[in-house]
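S.K.: Dropping the structure in here first, questions after.
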Amino acid sequence: MSAAQCGVCGTAVRSAFRAPQPEIAPDLDMRPGEPARSTLRDWVLVCPNCGAAAPDLAAVPPSARPVVESDEYRMLSTSVLEETLPFRRWALILAGSRDRAGQAEALLQAAWAADDAAAMAEAARLRTEVATLWDGTDDVELGLRRLDVLRRAGLFEAAEAWATVLTERGADELGRSIIGFQRVRIAARDIGRHLISSALPPPAYAPHVSHGKRATTGFWSRLLRK
Ligand SMILES: [Zn+2]
């Protein structure tokens, strides 16, 4: 007994997936820790009738129909890695509604799916797209995530240059700690994933971190309390 209907074609579809709360720290690009992490493939649903893709198909507006019926959308199924397809379709729908922030998140999720499929070149291409969408962001959290995205795309010079931009903006101690960690990984030409917790100083040496009072934003301090 499905309660949901595809917003594009009206077909009965599964309701939005609800991922379990992460119990482990996220990666530096904010991919959530387990047990949420390994449910990635359930995050974006695909309508079995029209092929629309979204976390919540019932919430896709009918105005997305031209995108779903476009050649570009149809061609994705033969041109991209299968594991990344739902996320790339969702990204295209968001691009059609000029939601660049949502598009970037969907493409980053596609990169995670490519990571899980050990498709390194595909993951790097997707991260390059994300970095472009986030270029010039003045949001502190997105800025730090973009640094990780550039490094993991193997764009080491661009990553180092972005680290300089973030530093010149005057990051707080927590931000500086993450930037410093990234710079060491960039110098080592490391494209691997790392947990946020591995980029932070031991609490004994940075009492403000454990208190979370002076963290960059509420967002980061929430993370640190996990
Ligand atoms: Zn549909």
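S.K.: In Å, what is the Rg of the alpha-carbon atoms in region 106-212, and how long is Dmax?
M.R.: Expressed in Å, the Cα Rg and Dmax of region 106-212 come to 14.0, 40.
S.K.: On C-alpha positions alone, give me the angle between the axis of helix 100-116 and the longest principal axis of the chain, in degrees, nearest 10.
M.R.: 80 degrees
S.K.: Just how far, in whole angstrom, is region 147-176 from region 31-72 if you go by their alpha carbon centroids?
M.R.: Taking the Cα centre of region 147-176 as reference, the centre of region 31-72 is 31 Å away.
S.K.: Grab the DSSP H runs of the chain that are 4 residues or longer, score each as -39,500 (n - 2.57), total them, divide by all residues and round the 222 nm result to the nearest 500 deg cm²/dmol.
M.R.: Here the helix-only value at 222 nm equals -14500 deg cm²/dmol.
S.K.: Can I ask one more? Output the peptides 123-132, 189-198, 91-100, 70-79 sorted from most to least packed, where packing is the average of other Cβ atoms within 10 Å over each peptide's residues.
M.R.: Numbers: 123-132: 21.4, 189-198: 14.6, 91-100: 17.8, 70-79: 12.2.
My ranking of the peptides, most packed first, is 123-132, 91-100, 189-198, 70-79.
S.K.: Angle between the Cα long axis of helix 173-187 and the longest principal axis of the chain, 0 to 90 degrees, nearest 10?
M.R.: The angle comes out near 80 degrees.
S.K.: When the Kirkwood radius is taken over all Cα pairs of the chain, what Stokes-Einstein diffusion coefficient follows at 10 °C and 1.306 mPa s, in µm²/s?
M.R.: 85 µm²/s
S.K.: Right, another one. May I have the pair-distance distribution P(r) for region 69-135, computed from all Cα-Cα distances with 10 Å bins from 0 and rounded to whole percent?
M.R.: 25, 55, 20, 0
S.K.: Further question: Under 1.5 on a/c is rounded, so check that first for region 1-131, then, if it is not, pick prolate when a/b is larger than b/c and oblate when it is not; a ≥ b ≥ c are the square roots of the alpha carbon gyration tensor eigenvalues.
M.R.: Oblate, since a/c reaches 1.5 and b/c is not below a/b.
None of the figures in this text is laboratory data; all of them are computed from the coordinates on show. Values in this document were obtained by computation on a predicted structure and should not be read as measured data. Methodologically, a virtual Cβ is constructed for each residue, glycine included, from the backbone with ideal geometry; neighbour enumeration extends over all protein chains shown.
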